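One structure is given here, and the rest of the page talks about it.
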Amino acid sequence: MLDPGAGCASGQRLGARRAAALSLRGASALAGSTDPWLGAYEAVGPLRPGGSMPKTIAITGASGLVGKALQEALKARGDQVIRFRRGQATAADERPWSPGERLDPSVLDGIDAVIHLAGEPISQRWTDAAKERILASREGGTRSIAEAVAQAAHKPTLVSTSAVDAHGAD
């Protein structure tokens with residue numbers, strides 16, 4: 001499935017687009033595509049031009065490396081991007097979210113797809129405490145989003161990825 005070291009030397013950092021492409025390879029498999037970007041787009045709807053209307057796509061982790069690159073690509077494609085953020089929403093394109101807490105399904109009204117990228121950064125020393133934070137952030141955030149999608153009146157497509165990083169041998 002995902003080879004975090006693909007295309008880079010051990011320990012080398014990936015560029016934002018390459019990291020986003022690697023993280024979305026799972027979405028490519030869902031869409032039956034070998035192109036990570038194309039597959040991610042197809043997972044939430046056909047590419048434009050070609051007929052489909054622009055989508056409204058929500059992103060958790062939108063301020064991260066992958067989230068920023070994905071926002072740019074989706075907006076360039078003509079989609080509207082809604083960013084889920086911790087705390088209160090401060091802009092029209094934001095929704096409040098507290099990872100690990102119940103998310104009111106009504107905040108998904110009008111959203112066609114949710115791309116869940118949020119979580120504790122993995123590019124840190126993997127102490128026991130860091131591992132616990134990483135795991136808790138993945139479990140709580142994913143549960144919050146998945147339950148809201150399951151309970152929503154109109155169920156948006158959910159694409160979830162946990163982390164992207166390149167690691168060298170110990």
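The values are calculated or read from the model by the stated rules, or taken from the named source; none is laboratory data. Source: prediction; values computed, not measured. Neighbour counts are summed over all protein chains in view; Cβ atoms, including those assigned to glycine, are modelled from backbone coordinates with ideal geometry. For accessibility, only protein heavy atoms count, side chains too; no ligands or nucleic acids. Shrake-Rupley method; radii C 1.70, N 1.55, O 1.52, S 1.80 Å.
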query: Of everything in the stretch 95-142 that's in a loop (DSSP other than H, G, I, E, B) and among the hydrophobic types (A, V, I, L, M, F, W, C), which residue is farthest from residue 156 (Cα to Cα)?
result: 126
statement: Selection from the stretch 38-74 of residues charged (D, E, K, R) and either modelled with pLDDT of 85 or more or touching a Lys or Arg at 6+ places or on another chain (Cβ under 7 Å) (or both) yields 48, 55, 68, 72
field: Number of the condition not met by residue 134 [criteria: (1) open to solvent by 20 Å² or more (accessible area, probe 1.4 Å); (2) of a type outside the set (Gly, Ala, Ser); (3) closer than 17 Å to residue 118 by Cβ; (4) modelled with pLDDT under 90]
entry: (1)
statement: Checked pairs for the stretch 93-122, first buried (at least 17 other Cβ atoms within 10 Å of the Cβ), second of a type in the set (Lys, Arg) and part of a loop (DSSP other than H, G, I, E, B), C-beta under 9 Å and 6 or more apart or across chains, list as 108/155; 111/55; 112/55; 113/55
message: Take residue 141 and tell me if it is at pLDDT below 90, open to solvent by less than 50 Å² (accessible area, probe 1.4 Å) and touching a Lys or Arg at 6+ places or on another chain (Cβ under 7 Å).
response: no
- request: Could you check residue 77 against (1) modelled with pLDDT of 85 or more; (2) open to solvent by less than 40 Å² (accessible area, probe 1.4 Å); (3) closer than 19 Å to residue 157 by Cα and say which number it fails?
  value: (1)
